[in-house]
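Please read the structure below before turning to the comments.
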Amino acid sequence: WKMLESAFSVMEEDFQRFDVSGDGVIDYAELTNGVPQHHGLDKLDILARLEYKFNKVDTDGSKSVNFFEFCYLALMMTQDGSYVDLVGHTTGGALVYKACLSLTSRFRQVDEQRIQKLDLGRLEHYCKIQFKAVPEQLS
């Protein structure tokens, strides 16, 4: 649990760094401005993955991501690359990467049907198994 708390703190700092306008959301332009400067195919690969995943996590279609969507984006970027591909220099990239991998492997243990989606019921079940409690915000 402590590792997850620490990882969330790192992601909060990184989110605030990207949220240049201070409105509590990051639009695609703010996000790509903060992506590390790579050259050639590396940059194209990162931007292509980022655009695809940004559109997937933008669940409300607002063309921007709030903090929770940003966390989902971080998880998705970690699955086929690195958190650092998303945020560049960060104080805890390795910690976020480890936490995302841990969450993914634990989720796979409770996703017996291989649906690979978390609805509220599955999320509550996951929290009960992994943390022995369901956060107030979910109930």
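Structure data summary
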| read-out | value |
| --- | --- |
| Qualifying residue in region 91-105 (condition: of a type outside the set (Lys, Arg) and not in a helix (DSSP H, G or I)) | yes |
| Region 3-30, residues that are among the aliphatic types (A, V, I, L, M), farther than 16 Å from residue 93 by Cβ and either modelled with pLDDT under 85 or in a helix (DSSP H, G or I) (or both) | 29 |
| Residues that are hydrophobic (A, V, I, L, M, F, W, C) and modelled with pLDDT of 75 or more, drawn from region 108-128 | 127 |
| Identity of the residue in region 56-77, among the β-branched types (Val, Ile, Thr) and either open to solvent by 10 Å² or more (accessible area, probe 1.4 Å) or touching a Phe, Trp or Tyr at 6+ places or on another chain (Cβ under 6 Å) (or both), that ends up nearest to residue 103 (Cα to Cα) | 57 |
| Evaluation of residue 43 against (1) modelled with pLDDT under 85; (2) surrounded by fewer than 13 Cβ atoms within 10 Å (Cβ to Cβ); (3) charged (D, E, K, R) (one fails), failing number | (2) |
| Members of region 46-67 found to be modelled with pLDDT under 85, outside any loop (DSSP other than H, G, I, E, B) and closer than 23 Å to residue 8 by Cα, listed by number | 46, 49, 50 |
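The values are calculated or read from the model by the stated rules, or taken from the named source; none is laboratory data. The structure displayed is predicted, hence computed values, not measured ones. For neighbour counting, all protein chains shown are included, and Cβ atoms are generated from backbone atoms with ideal geometry for every residue, glycine included. With ligands, DNA and RNA removed, areas are computed over all heavy atoms of the protein, side chains included. Shrake-Rupley method; radii C 1.70, N 1.55, O 1.52, S 1.80 Å.
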